[in-house]
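The values are calculated or read from the model by the stated rules, or taken from the named source; none is laboratory data. The model shown is predicted, which means the values in this text are computed figures rather than measured ones. Cβ sites come from the backbone with ideal geometry, for glycine too, and all protein chains shown count toward neighbours.
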Amino acid sequence: MLWTHQKIKFCGSEWRNGMTAIAKRRLFCTICAAAIAPGLASAATITTWDTANVVVGPADLPDGETGFSVIYDRDLGGVDPLISGAASNGRIAYSEPEATSPGLRVENDAYELGGPAPKDVASGCIMASSDSTCDGPFQSGKRFKQQLTGIGEVDLVFGVDVTTDPVDQDGVLSVDAPVGYQVYHRLVNLTGQSIESFSIQLGSGIGDNFVASSAGDGLSFSAAFTSGPEDLNAFSQYPFGLFGDASTNPNFTIDGFFDTQRTGFDLDMTEDLITSGDMYGSYSDTFGAWMSQEMAPDGLFWDFDGDPTTDALLLAWQTPDGAWEVRREATTTCTDPADLTTCSYGTTLDSYTTFADVAGAADFLGLSLPEGEVETGLIEDLANLNENYAIMVDGTYQKDRFTVRVSTVATVAAVPLPATAPLLIAGLGAMGFARRRRRQS
């Protein structure tokens, strides 16, 4: 697909139905108008994640353990990063058994996107290295986790074969797939600072040798990808379990813990660049800029099904003033833990000065509290931002690789933890409350 230089307002509809909070927000995605030239070459194939600038994490980890493939600012050439002086601002995380090393892969299998007929067709996807597929069911482990460990740039490099067309699992050509490759992307802030803004840019090369993609070079973000809210080509959201209205989403039976309105960053998309704008929804009203994971408040999690491999349900959180606020109550949130369709939204029930006051009330959740059933831990999803977009590479592209660069800008000052947090954390350990590895918002 070739792009003209004409700028158009592509998605100027008003966000409704949960995409704005308090005030309605109008978002315009400015993109280049697309035009197909006569005799244009067919789509190219994205072949693999090129790990020349990556120290790939170990394989065959024990279940529940997390591995990391660390991304550096240069081609390592087999040299230890400590010797070469390579620097890193990010890594791909994966946890067995949901995903395996290296944590990210390219799937070449044309599939139909969701939505009403006629459905758009994607050539494949960039996803986690899990057992799922591009069109796998909800929460089947498709989204890869890119942890940002420093402020700056992180470069993911992908191989391209312009001589072959994408095919589906039966070997059928998918040149009629106009969407390109859907990207299941999650950014996790582990920088130790709040992030004010970010961008996702296409180009080639790594580190100081990165060169931005140019107009009409055969590489672009896909203007045909419109599966997002209000048919946006690219959108950004915090996880539904914290901010979302279950009545609008068939995958959920319980509303978001903090708000029923979705929240995230407005995005502006051009041919080769996605940039964040203002935040929409209530996240910034409560937490400010995009917080780093260790800044997240503690939460109280209920292991409603007794299965340590599944996610627990968030019932209460520690407010900035150190009090504990219960926002869900077990007997009305899930009247029958074996049947999650009975779950419903719980409003704020009460606020307690200390966690001891909460834990001391054996029936404050309508539960007895045997060891291991109710646990505490950081509300990690407050640091997790889901990115949704697609990439198109056509047969006119002249290189055998391309780069997806994520860049971040920090706020002026980091947001400190609540002053009472160290004391509370120490107290919780003495009470025998453990931190779970997996937590559901």
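Values for this structure:
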read-out: Any pair with Cβ under 6 angstrom, 6 or more apart, that starts in the stretch 67-88 at a residue that is touching a residue at least 12 places away in the same chain (Cβ under 8 Å) and ends at one that is assigned to a helix (DSSP H, G or I); value: Tyr72/Pro81; Asp73/Gly207; Arg74/Gly207
read-out: Extreme residue, modelled with the lowest pLDDT, among residues of the stretch 94-115 that are touching a Leu at 6+ places or on another chain (Cβ under 9 Å) and surrounded by 22 or more Cβ atoms within 10 Å (Cβ to Cβ); value: Ala110
read-out: Selection count, the stretch 102-129, where residues are free of Cβ contacts under 8 Å to residues at least 40 places away in the same chain and out of contact with any Lys or Arg (no Cβ under 7 Å at 6 or more places or on another chain); value: 5
read-out: Answer residue from the stretch 149-175, given it is modelled with pLDDT under 90 and outside any loop (DSSP other than H, G, I, E, B) and is farthest from Ser197 (Cα to Cα) among those; value: Leu173
read-out: Residue check for Thr66: under 26 Å from Ile391 (Cβ atoms) and among the β-branched types (Val, Ile, Thr); value: no
read-out: Members of the stretch 116-132 found to be surrounded by fewer than 16 Cβ atoms within 10 Å (Cβ to Cβ) and at pLDDT 90 or above, listed by number; value: Asp131
read-out: Condition check for Ala59: of a type in the set (A, V, I, L, M, F, W, C), out of contact with any Phe, Trp or Tyr (no Cβ under 8 Å at 6 or more places or on another chain), assigned to a loop (DSSP other than H, G, I, E, B) and modelled with pLDDT of 85 or more; value: yes
read-out: Filter result (assigned to a loop (DSSP other than H, G, I, E, B) and crowded, with 20+ Cβ neighbours inside 10 Å) within the stretch 133-148; value: Cys134, Lys142, Arg143
read-out: Residues located in the stretch 372-431, provided they are among the small types (Gly, Ala, Ser) and either modelled with pLDDT under 95 or part of a loop (DSSP other than H, G, I, E, B) (or both); value: Gly372, Gly377, Gly395, Ala413, Ala414, Ala419, Ala421, Ala426, Gly427, Gly429, Ala430
